[in-house]
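Report on the structure given below.
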Amino acid sequence: MQQLWEALVGHIRATYNTREDFRFCYGRQYGWALRFRSKASLLTALYPAKNSFTVQVILNRHALE
């Protein structure tokens, strides 16, 4: 899993002009996320878990159209 995480993070960093941060989005008891922003918009958040991770892709109205 670590290799997939690193490959995805590397791809995001190389492809998009983003800022990133670690954030406890839902409180410390639920864990943290690595979030990537482009300008003021949140692009994605990666949530680590044991032997897996979840990727949340954030789409704005324009992207949906």
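Read the figures in this text as sums done on the coordinates, not as results from a lab. Keep in mind the model is a prediction, meaning the values are calculated, not measured. Here the Cβ positions follow ideal geometry from the backbone for every residue, glycine too, while neighbour counts run over all protein chains shown.
A few comments on the model shown:
- When the trypsin sites (Lys or Arg not before Pro) in the range 8-55 are filtered for DSSP coil states and for at most 16 other beta-carbon atoms within 10 Å of their beta-carbon, the remaining sites are 39, 50.
- The charge dipole of the range 2-64, taken about its Cα centre with unit charges on the Cβ atoms of Lys, Arg (+1), Asp and Glu (-1) only, comes to about 200 debye.
- Helical contribution to [θ] at 222 nm, DSSP H n ≥ 4, -39,500 (n - 2.57), averaged over the chain, rounded to 500: -8000 deg cm²/dmol
- Rounded to 10°, Cα long-axis angle of helix 2-15 versus longest principal axis of the chain: 20
- Top positive-direction residue, dipole computed over the chain with Cβ charges, set 56, 4, 40: 40
- Chymotrypsin sites (Phe, Trp or Tyr not before Pro) restricted to DSSP loop in the range 4-65 with at most 15 other C-beta within 10 Å: 16, 24, 26
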